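Engineer: I'd like to ask some things about the structure below.
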Amino acid sequence: MYRICFFFFLLIYGFAAPVSAQMPEAFNREGPPNIIIIYADDLGIGDVSCYGRGALRTPNIDQIAKKGILFTNGYATSATCTPSRFALLTGTYPWRNRDARILAGNAPLIIDTSMQTLPKMLRKAGYHTGIFGKWHLGLGEEGMDWNSDIRPGPNEVGFDESFILASTNDRVPTVFVENGKVAGLTADDSLFVSYQANFPGEPTGRDHPELLKLHPSHGHDMSIHNGISRIGYMKGGVSARWVDEEIADTVMVRASEFMIRNREKPFFMYLALHQPHVPRTPHPRFVGRSGQGARGDAILEADWMVGKILGLITALQLEEYTLVIFSSDNGPVLDDGYIDRAVVQLGGHDPFGGFRGGKYSLYDGGTHVPFLVSWPGTIEPGISSALVSQVDLLASLAGLTGQKVPQTDSQNLIDAFTGKSDTGREALILEASGRTCLRNGDWVLIPPYDGPAWTNQWVNLETGLSDQVQLFHLGLDPAQKQNLATVYPDVTAQMLALYKSMIE
Ligand code: NG6
Ligand code: CA
């Protein structure tokens with residue numbers, strides 16, 4: 001009840017007025033800033049209007065660019081979620097871990113609890129750490145019971161507080177896990193999860209399409225919750241199940257409470273948005289707002305969340321003490337498994353921002369994502385073309401906070417992230433579905449691979465795979481249209497040699 005009242009208070013009056021009214025004197029805090037990473041799910045570079053490539057308007061996300069640095073060469077490590085999140089939190093390339101692939105909702109935790117992680121490192125530096133939103137890095141051990149302690153999970157890899165979607169919004173179980181327990185689960189309504197077989201008597205989207213308000217286009221035809229069929233089977237835990245349209249509000253309340261409670265000490269907040277991943281189920285107040293259907297509306301909902309976070313930072317008088325990083329786990333996709341009309345309602349919008357491929361792709365559309373960093377008073381606003389990756393945040397934030405981290409794939413690029421230098425990393429390995437390619441300077445080399453050049457007919461995106469070696473110059477050809485491998489055989493040979501030395 002308290003939470004609901006608190007939320008409506010914030011929603012109706014906005015964050016700024018009520019919070020500043022309770023605030024003590026302005027802070028004059030020494031030491032490193034709060035760190036907030038806002039991480040969208042399947043958001044393209046063209047979806048964020050400060051990049052000037054698409055038709056959607058995201059005024060709140062744009063504020064981060066206006067107050068900070070817009071990176072034109074910012075990358076996720078991977079073209080899908082789990083591997084990118086693994087790299088973000090561990091500073092290690094995901095292709096080094098064979099389990100860092102899109103995980104089922106009942107997969108065990110894939111981060112070894114002895115590993116260095118971003119939240120552990122920041123905790124050592126004196127930060128209070130919290131995660132709110134999508135996890136998708138596995139939970140517990142094989143065969144875990146969802147009705148008892150769900151460990152290891154975020155709290156065992158460095159987060160003091162966690163309130164997470166167990167995996168993705170299209171996978172069972174459709175419940176939040178709060179500090180190692182299914183939130184709101186009651187003893188008389190146990191929750192069971194399987195990715196093998198249905199539970200007798202439970203309806204599925206395959207057998208009962210008449211129960212659905214949102215129909216799958218491919219896959220997603222198993223257990224039904226809230227009129228939407230998902231990947232995987234579940235039974236029970238009804239009282240704990242989320243309402244998809246309220247996920248944004250629920251996560252916002254937890255994130256806001258965390259910031260308010262911890263305003264006087266340095267905090268690290270990882271806010272992992274579930275938008276615009278499928279199923280796209282924005283709250284009714286965003287429905288129809290984008291004119292682009294559910295995908296655009298879900299992005300506007302995410303933009304609203306960013307606006308509320310920025311408003312709260314201001315209200316708490318923490319602007320000059322807070323570093324905000326905004327990015328996305330992988331590139332965009334239109335039809336990712338539900339008939340939500342994302343393709344037909346797109347209009348003139350280009351989520352891909354002119355890049356080739358998209359989610360699941362080794363081409364730049366898979367991994368070349370929006371990447372914004374602000375820290376008013378310390379970072380001068382501007383645009384940077386430095387090559388930076390999410391894998392670098394561990395070493396860079398360790399550099400910022402005076403921590404030592406073991407040698408990993410992460411590079412300390414704090415000068416690039418804070419705009420003191422235009423130099424980023426020289427070379428970066430990118431990954432899609434377990435295959436890798438190399439970006440070095442402006443060149444991209446994709447080694448030859450067996451495999452389809454296109455994903456399935458619904459997703460309908462290029463994978464980047466070819467039986468020929470591919471070489472592109474992104475400075476001259478950002479859309480990767482011209483394969484220069486035979487035009488520049490020396491560059492191809494050098495790039496192949498560098499690629500081999502980096503992945504061995
Ligand atoms: C795919 C799902 C897709 C999405 C993706 C993971 C099907 C047909 N497709 O297998 O909908 O869930 O996995 O997305 O099931 S990610 O952003 O979390 O990596
Ligand atoms: Ca994703």
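Engineer: So what are the ³J(HN,Hα) numbers for the range 334-349, from phi and the Karplus equation (6.51, -1.76, 1.60; θ = phi - 60°), rounded to whole Hz, Gly and Pro as x?
Structural biologist: With the stated coefficients, the range 334-349 comes to 9, 8, 10, x, 10, 7, 10, 6, 4, 6, 6, 9, 5, x, x, 6 Hz.
Engineer: Take Glu320, Glu431, Glu202 and sort them by solvent-accessible surface of the protein heavy atoms, 1.4 Å probe, largest at the top.
Structural biologist: On the way: Glu320 115, Glu431 5, Glu202 60 Å².
Largest accessible area first, the residues go Glu320, Glu202, Glu431.
Engineer: Residues with amide H under 5 Å of Thr463's amide H, sequence separation 5 or more or different chain, H placed in the peptide plane at 1.01 Å from N; which?
Structural biologist: Those qualifying (amide H under 5 Å, at least 5 residues apart or on another chain) are Trp454, Thr455.
Engineer: Tell me the accessible surface of Lys235 in square angstrom (1.4 angstrom probe, heavy atoms of protein chains only), to the nearest ten.
Structural biologist: 80
Engineer: With a 1.4 Å probe and every protein chain kept in, tell me what percent of the accessible surface of the range 269-369 is carbon plus sulfur.
Structural biologist: Values: 1310 of 2440 Å².
Answer for the range 269-369 is 54 percent, counting heavy atoms of protein chains only.
Engineer: Whose amide H sits under 5 Å from the amide H of Leu103, counting only residues 5 or more places off or on another chain, with H placed in the peptide plane?
Structural biologist: Counting only residues 5 or more places away or on other chains, the set is Thr82.
Engineer: Please list the non-local residues whose amide H lies under 5 Å from the amide H of Asn34, H modeled 1.01 Å from N, same-chain partners needing a gap of 5 or more.
Structural biologist: Phe267, Thr322, Leu323
Engineer: Let me ask another. Run through the range 138-205 and list the GluC sites (Glu not before Pro) located in a DSSP loop whose Cβ has at most 12 other Cβ atoms within 10 Å. Don't skip to the answer; put the middle values down first.
Structural biologist: On the way: sites: Glu141, Glu142, Glu156, Glu161, Glu178; in loops: Glu141, Glu142.
Sparse-neighbourhood loop GluC sites (Glu not before Pro): Glu141, Glu142.
Engineer: For the range 302-418, what relative contact order do you get, as a whole percent, if you take Cα pairs closer than 8 Å and at least 6 residues apart? Don't jump to the answer; show the numbers that get you there.
Structural biologist: Values: 129 pairs, mean separation 26.8, N = 117.
Answer for the range 302-418 is 23 percent.
Engineer: Pairs of Cα atoms under 8 Å, at least six residues apart: use those to get the relative contact order of the chain, whole percent.
Structural biologist: Numbers: 1211 pairs, mean separation 113.7, N = 504.
Value for the chain: 23 percent.
Engineer: Something else now. Quick one: 3J(HN,Hα) in Hz for the range 367-373, Karplus 6.51/-1.76/1.60 with θ = phi - 60°, rounded, Gly and Pro as x.
Structural biologist: 10, 7, 10, x, 8, 10, 9
Engineer: Starting from the Cα gyration tensor of the chain, take the square roots of the eigenvalues, sort them a ≥ b ≥ c, and report rounded, prolate or oblate (rounded when a/c is under 1.5, otherwise prolate if a/b is larger than b/c, else oblate). Walk me through the numbers before you get to the answer.
Structural biologist: Details: a/c = 1.44, a/b = 1.10, b/c = 1.31.
The shape class here is rounded.
Engineer: Let me ask something else about it. Heavy-atom accessible area of Leu70 with all protein chains present, probe 1.4 Å, nearest 10 Å²?
Structural biologist: Taking all protein chains as shown, Leu70 has close to 20 Å².
Engineer: For the chain, give the share of DSSP beta bridges that are antiparallel, in percent and rounded to the nearest 5; count only bridges with both residues there.
Structural biologist: Working: 36 of 67 bridges.
Percent antiparallel among DSSP bridges in the chain is about 55.
Engineer: Of Leu400, Leu273, which has the most accessible area and how do the rest follow, probe 1.4 Å?
Structural biologist: Numbers: Leu400 45, Leu273 5 Å².
Result of the area sort, largest leading: Leu400, Leu273.
Engineer: Among the lysines, which fall within straight-line cross-link reach of Lys67, defined as a Cα-Cα distance under 30 Å, with same-chain neighbours fewer than 8 residues apart omitted?
Structural biologist: Straight-distance partners of Lys67: Lys120, Lys124, Lys134, Lys265, Lys308, Lys359, Lys404, Lys420.
Engineer: Give me the dipole magnitude in Debye, nearest 20, for the chain about the Cα centre, with unit charges on the beta carbon: positive for Lys and Arg, negative for Asp and Glu.
Structural biologist: Working: 41 positive and 54 negative charges, 101 e Å.
For this selection, approximately 480 debye.
Engineer: Also, I was wondering about something else. If you plug each phi of the range 57-64 into the Karplus form 6.51 cos²θ - 1.76 cosθ + 1.60 with θ = phi - 60°, what whole-Hz ³J(HN,Hα) values come out, in order, with x for Gly and Pro?
Structural biologist: 10, 10, x, 6, 4, 4, 4, 5
The values are calculated or read from the model by the stated rules, or taken from the named source; none is laboratory data. As the structure is a computational prediction, the values presented were derived from the model and not from experiment. All Cβ positions, glycine included, derive from the backbone under ideal geometry; neighbour counts span all protein chains shown. Surface areas here come from the heavy atoms of the whole protein model, side chains and all, with no ligands, DNA or RNA. Shrake-Rupley method; radii C 1.70, N 1.55, O 1.52, S 1.80 Å.
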